[in-house]
Amino acid sequence: MTTHRRRWLVGGVLFAALLVAIGSFALAEAPRTSPALAPVTIESRPISSFDNRNPSQTRFGALEFRGGLALTSNDRAFGGISSIHIESDGVRFVAVTDNGSWLRGRIAYQDGKPAGIADAEMAPLLGPDGKPLAARGWYDAESLAELDGAFYVGIERVEQIVRFDYRRDGLLARGQPIAVPPDFKTFVKNKSLECLTSPPAGSPLAGSLIVVAERSLDAAGNHRSFLIKGNHVERFSVTHSDDFDVTDCTILASADLLLLERRYSPARGVAMRIRRVPLGLIKPGAQVDGKTLIEADLAYQIDNMEGIAVHRNAQGETVITLVSDDNFSIIQRNLLLQFTLVGE
């Protein structure tokens, strides 16, 4: 093994160990929730290359790297970005954070690359009574999906999905918990509601919420997965492979499911992966799998990657946006990375 390769491996292992330790601590401490709807200033440092060893490389698997940002703020509530929704204009975004907060703003672009974050504001996720959900212990918001104009947020700590009439009330929307399968009570703690999305109109699964558990596995060792439509629930599974956990998901315009995944092990360090699963394979009782679009470890500009979203730009390209969760840790980063899907 070369000295250069050994340096990356040792650094990755040490970082991974700290990531797990700090992540566990972050779950135990009181959430840094934004107290009210308020503007927040976010500083951005551009990331011009994805490969730390070869800055000129732009193609990675099926993706082309466009650019990225490392995000920081003096606002104590900022951080822990767990899931993101990009509006159709590719500029406006809405995200949720570990501490039970909304984060929204605009991505500023220069020459088609992310250049900064503007007009950012944060607010607590509110319950039916208008009080922050975090005040009742309902934080650890990990997933976000839009269905019929409403936003649905998966809250891992309590295994609940909460519906917000965002298009009507914005960040002041009051959340209403929806009925969830009793199976949710058997999820592994802190290993559950990371993937939440909804198929597009016209799809056979339109009107449903798709849920894939992070690492709550079935008897065969695969990700337990659900189709929820009102009070009707169907179950399927997603193949668990190479020790990757599911951290988020989204739907392509072609109606394929994209799974964002993360792996940690003391021997291999931290890595991320994106898998593409044909939506047509998802049926009650099915076990589905998909091809890998990209896989990257700490030799690349990644962190604790937890959020994924897609949009089409003015050129008709499919743009994939990834965000990371820094666990409110000084040794981790809030990243926003953008790629285009080649050949889509």
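Laboratory data are not the source of any read-out in this text; all were calculated from the coordinates shown. This structure is a prediction, so every number in the text was calculated from the model and none was measured. Please note: Cβ atoms are built from the backbone with ideal geometry, for glycine as well, and neighbour counts cover all protein chains shown.
Summary table
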quantity	calculated
Ordering of 179-187, 292-300, 151-159 by burial proxy (mean other Cβ atoms within 10 Å per residue, highest first)	151-159, 292-300, 179-187
FRET efficiency estimate (nearest 0.05) - Cβ-Cβ, residue 118 to residue 291, R0 35 angstrom	0.45
FRET E, pair residue 186, residue 314, Förster distance 51 Å, beta-carbon r, rounded to 0.05	0.65
Unit charges at the beta carbon, dipole of the stretch 3-341: most positive-side option, 293, 253, 225	293
Two-decimal Rg to Rh for the chain - Kirkwood Rh, Cα set	0.93
Check: the stretch 3-341 dipole with +1 on Lys, Arg Cβ and -1 on Asp, Glu Cβ, in debye	360
Derived scalar couplings ³J(HN,Hα) [the stretch 178-194; Karplus, 6.51 cos²θ - 1.76 cosθ + 1.60; whole Hz; x for Gly, Pro]	9, 5, 10, x, x, 4, 4, 5, 9, 4, 5, 4, 6, 9, 10, 7, 8
Ranked by how many other beta carbons lie within 10 Å on average, peptides 98-110, 164-176 from highest	98-110, 164-176
Reference-scaled alpha-carbon Rg (2.2 N^0.38 Å with N residues) for the stretch 239-297	1.18
Spatial separation of Cα centroids for the stretch 256-284 and the stretch 162-194, in angstrom	22
For the chain: relative contact order, % (alpha-carbon pairs under 8 angstrom, 6 or more apart)	18
FRET efficiency, residue 59 to residue 136 (Cβ-Cβ, R0 56 Å, nearest 0.05)	0.75
Unit charges at the beta carbon, dipole of the stretch 3-341: most positive-side option, 264, 91, 332	264
Whole-number D in µm² s⁻¹ for the stretch 239-339, Kirkwood Cα-pair radius fed into Stokes-Einstein, 37 °C, 0.692 mPa s	226
Among 305, 79, 209 - extreme Cα towards positive end, dipole of the chain, charges at beta-carbon	305
